[in-house]
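Take a look at the structure below.
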Amino acid sequence: MTIRVLLLGGTFEARQLAQHLAGRGDMVVTLSLAGRTAHPLTQPVPVRIGGFGGVSGLIRYLQNERIGALVDATHPYAAQISRNAAAAAKSAEVPLLGLRRPAWEEQAGDRWRRVTDVTQAVAAIGSESRRVFVALGRQEIGPFAAAPQHRYLIRSVDPIDPPLSLPRVDYLLDRGPFCEADERALLQSHRIDAIVAKNSGGTATYGKIAAARGLGIDVILLHRPDLPEVETVATVEAAIDWLAHRAALESMRGE
Ligand code: NAP
C-alpha cells in the first residue's frame, strides 16, 4: 500500500522534503510549483506546474489523483495558495500539514522597520537619495518606480522584463541560498544603506539580515500575511514523521 502525497512547493524546504521522500516505497509524491520561475530547478520527484484553478480546481485534483495527504510547504508570503489548500483539504477530507518556517526575530544590533506592503516600504526608505537593495519577487517591485531618487540593486531569479523606468538600477540574477559572507561582500561592494525584504524565515535567505546587522544597515521588512490555522510543523524532519505516520495508517487500512 502506498499513499499518494501532493506537496505544494516553491521553497527550499519543499525541495529538501521531496529529496527525503523520493526513495521511499510507501509514498508516491508529486511536487506542485506555481510556475513563477522560467527555469525551475530539477526536482527529485515528479513535478506539476501551474495553478489548479482556485479551491474547486484543487479539490478536483485531490479527488482525481486520489491524494491521501497534502503538505503545504509554500512560501510564507504565498497566502492565497495556503488558504486554498486549507479549504480544499477540508472539503475533500484530505489530511493537510503546513510546513512553515517561523519568522526571523529581531536581535540586538538589527535596524528593522516593519511595513505592511511594498508601497509603504518605498515611503519608509525616505525622500533623501539612498542605495537600496531590493530582495523581493519580480512581480512585487512596481511601486519602486515612484521613488526615482534612490539607486537600486534588484536581485531576482529571472530578468525584470520590462526593466523598471528608473534612472539608476543595477540588476542581479541569482538564486539562493545566500550565505552571510557573500551577502556582506555584495552589500559592501554596492555601498548599500537600506534593504527591502520579506521576513521569510529559515536559513536560505537569512544571510542578508545577518550581514545587515554587522554593517549597521537599515532593513525594511514586509509584514507577513495571515495564514489559515492548520496543523503545522516547522521542520522538514517533522513533516517526514507526519507523512510516515499517514503512510502507516494507510497501509493498516489496506490490510
Ligand atoms: P499566492 O498568491 O499564494 O498564489 C497565487 C496563485 O498561484 C494560487 O491561487 C495558485 O493558483 C497559484 N499557486 C501558488 N503556489 C502554487 C503551487 N505551489 N502550486 C500550484 N499553484 C500555485 O502565491 P504567489 O503569487 O506565487 O506568491 C505570493 C508571494 O509569495 C510573493 O511574495 C512571492 O514572492 C512569494 N513566493 C512565492 C513562491 C512560489 O513558489 N509560489 C516562492 C517564493 C516566494 P490557483 O488558484 O489557480 O490554484
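The values are calculated or read from the model by the stated rules, or taken from the named source; none is laboratory data. Because the structure is predicted, anything quoted here is derived from the model rather than measured. All Cβ positions, glycine included, derive from the backbone under ideal geometry; neighbour counts span all protein chains shown. Heads up: the accessible areas ignore ligands, DNA and RNA and are worked out on the full protein's heavy atoms, side chains in. Shrake-Rupley method; radii C 1.70, N 1.55, O 1.52, S 1.80 Å.
Within the stretch 175-232, restricting attention to residues that are β-branched (Val, Ile, Thr) and within 19 Å of residue 12 (Cβ to Cβ), the residue that is surrounded by the most Cβ atoms within 10 Å (Cβ to Cβ) is 209.
Scan the stretch 196-245 for residues that are assigned to a strand (DSSP E or B) and either hydroxyl-bearing (Ser, Thr, Tyr) or over 27 Å from residue 99 (Cα atoms) (or both) and the total you get is 2. A single member of 135, 78 is in the same structural domain as residue 238 (by TED's automatic domain parsing), within 15 Å of the ligand (Cβ to nearest atom) and aliphatic (A, V, I, L, M), and it is 78.
Residues considered: 103, 92, 85. Of these, the only one that is closer than 19 Å to residue 13 by Cβ and more than 13 Å from the ligand (Cβ to nearest atom) is 103.
Inside the stretch 38-75, residues that are under 17 Å from the mean Cα position of the chain (by Cα) and near the ligand (Cβ under 8 Å from one of its atoms) make up a count of 5.
The strands (runs of 3 or more DSSP E) falling completely within the stretch 76-170 include none with 3 or more residues that are open to solvent by 30 Å² or more (accessible area, probe 1.4 Å) and within 30 Å of residue 245 (Cβ to Cβ). Go through (1) within 26 Å of residue 199 (Cβ to Cβ); (2) away from the ligand (no atom under 16 Å from the Cβ) one by one and return the number of the condition residue 121 breaks. For residue 121, the exception is condition (2).
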